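The values are calculated or read from the model by the stated rules, or taken from the named source; none is laboratory data. All of these numbers come straight from a predicted model, not from anything done at the bench. We place every Cβ from the backbone using ideal geometry, glycine too, and count neighbours over all the protein chains shown. Accessible surface areas use protein heavy atoms only, side chains included; no ligands, DNA or RNA. Shrake-Rupley method; radii C 1.70, N 1.55, O 1.52, S 1.80 Å.
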Amino acid sequence: EDFKFRENVKAIFDSFRGNYLDKEVSLLREECSSIIGEAIELDEKQREELDDKSIFGRRKKGTKGSRALKHWVLTALDALAVAGAPPSSPMFNGRKEKGKIAGQVTERVLGRLSSALARADRLGNQVPQCCDQLAKEAWNLLLSEYVAKVLDLAEQVLPDDDPKEDPDTFFFLRVVGAVNRIVRQINAHYRLNILPRLEADPNIKSRGASANRKALSTIEKRILRGLGICLGAVIKYAERLLGKHQKQSDFKPRDENDCFEPTEACNIVSGFIAVQGEMAVQSLEGRNLDVFLMEIGRRYYDLLIAHLRKFQVSPLGALVVRLDVRRYQDVMQEFHIEQVSRKFSCLWEMSSLLLLPVLELGNVVQQRLGNVPKEELHDFLKSRSDYAKQRINILSLLNI
């Protein structure tokens, strides 16, 4: 009888174990979907405030709904700690901030996953397969149902390609910072709680790692695209500022008293670029931060070279150009990106070509600007007010 009892218990348990994984995955999906839903769902008042057409179609830039949507995205990602004051909108008056829920979304989902993993351990049958499947379900929910859906809305309010006003790049930078924090949490949990359970089956471990890289790559591509749009907006707006505030007379001062301060255009655009760098440092980190700052520096350098070539520069004006370039260089030094610092050191040396007597240009080019293409130096020297008279000498000194 005891033997029959054990056989009956075993039969019942084997029956349960046969479809255990499906039930565990279903439970995990239900619990985690509920957690994510609390953070990202929109009620009727919010839908009305955000304008349904703009959420599920194309957003009209600059509307009250755009401001409300940015606030909602940052709240859903718990990024409001650096978001500033919420917009003055009826949607937020007297409402409980969702950030109190969203701040726990990743932690709560991973907590549910840890509980499911513990049950899989106790079951003691095909543990690697069970853990891999449970981890994939949690990753999919966090990346596809949470992060990707919030990015869907965030992408609708990225800056215009050619903004007429100061572009709000800080919004997307904060979104990227929040997503990076979520990814770090997921990766840390995977290393500590999943990988050790997959050691018994190297094939499952390898396939799981490959699937994770693919899932993260999709998010990474969207982030890089958004950052690229922000970069383009920053440089376009800097170009607009220079075009609006730089006067032809800036580099042709009438007396020496006008040669002791950077130009208004330089101060304005330098302040704008400095703020962009500060916001990037606040929100990004690691390679994302380095690449973002390096790209700003590289594109800003190209913009300034093209900008300065538009002007004729008198001998006194060359002093003003030097002051402007020093200001540009000081801002770029704060980025602490070696490649960018080198570029702006080069720009500083190039600015001296507008000031020195023509006969001294050869030594400067040979000793300090040997890595700069001579055609680029020639184009830059065309800004000298005496270029027409000295053209032959300049070409001879440059060996062109």
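Worth a mention:
- Subset of segment 340-380 (residues that are more than 30 Å from residue 289 (Cα to Cα), part of a loop (DSSP other than H, G, I, E, B) and without any contact (Cβ under 8 Å) to a residue 12 or more places away in the chain): 356, 357, 370
- Scanning segment 345-383 for residues that are closer than 20 Å to residue 330 by Cα and of a type in the set (Phe, Trp, Tyr) gives a single hit, 348.
- Taking every residue in segment 141-163 that is without any contact (Cβ under 8 Å) to a residue 24 or more places away in the chain and surrounded by 23 or more Cβ atoms within 10 Å (Cβ to Cβ) and pairing it with any residue that is hydrophobic (A, V, I, L, M, F, W, C) and part of a helix (DSSP H, G or I), at least 6 positions away or on another chain, yields no pair with a Cβ-Cβ distance below 8 Å.
- So residue 183, is it in contact (Cβ under 8 Å) with a residue 60 or more places away in the chain, of a type in the set (Val, Ile, Thr) and open to solvent by less than 70 Å² (accessible area, probe 1.4 Å): no
- Any hit, segment 377-399, residues being open to solvent by 60 Å² or more (accessible area, probe 1.4 Å), among the small types (Gly, Ala, Ser) and more than 21 Å from residue 297 (Cβ to Cβ): yes
- The single condition from (1) modelled with pLDDT under 95; (2) among the β-branched types (Val, Ile, Thr); (3) open to solvent by less than 10 Å² (accessible area, probe 1.4 Å) that residue 372 fails is (3).
- As for segment 299-315, it holds at least one residue that is part of a helix (DSSP H, G or I) and at pLDDT below 95.
- Total residues in segment 46-79 satisfying the condition of being open to solvent by 60 Å² or more (accessible area, probe 1.4 Å), assigned to a helix (DSSP H, G or I) and either closer than 30 Å to residue 118 by Cα or at pLDDT below 60 (or both): the figure is 4.
One line per residue, one yes/no per condition, for (1) closer than 30 Å to residue 287 by Cα; (2) among the hydrophobic types (A, V, I, L, M, F, W, C):
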{"residue": "332", "(1), (2)": "yes, yes"}
{"residue": "341", "(1), (2)": "yes, no"}
{"residue": "344", "(1), (2)": "yes, yes"}
{"residue": "347", "(1), (2)": "yes, yes"}
{"residue": "356", "(1), (2)": "no, yes"}
{"residue": "363", "(1), (2)": "no, no"}
{"residue": "369", "(1), (2)": "yes, yes"}
{"residue": "373", "(1), (2)": "yes, no"}
{"residue": "380", "(1), (2)": "no, yes"}
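- Counting the residues of segment 381-400 that are assigned to a helix (DSSP H, G or I) and either free of Cβ contacts under 8 Å to residues at least 24 places away in the same chain or under 37 Å from the mean Cα position of the chain (by Cα) (or both) gives 8.
- Qualifying positions in segment 190-214 - within 24 Å of the chain's Cα centre (by Cα) and either surrounded by 18 or more Cβ atoms within 10 Å (Cβ to Cβ) or over 20 Å from residue 141 (Cα atoms) (or both): 212
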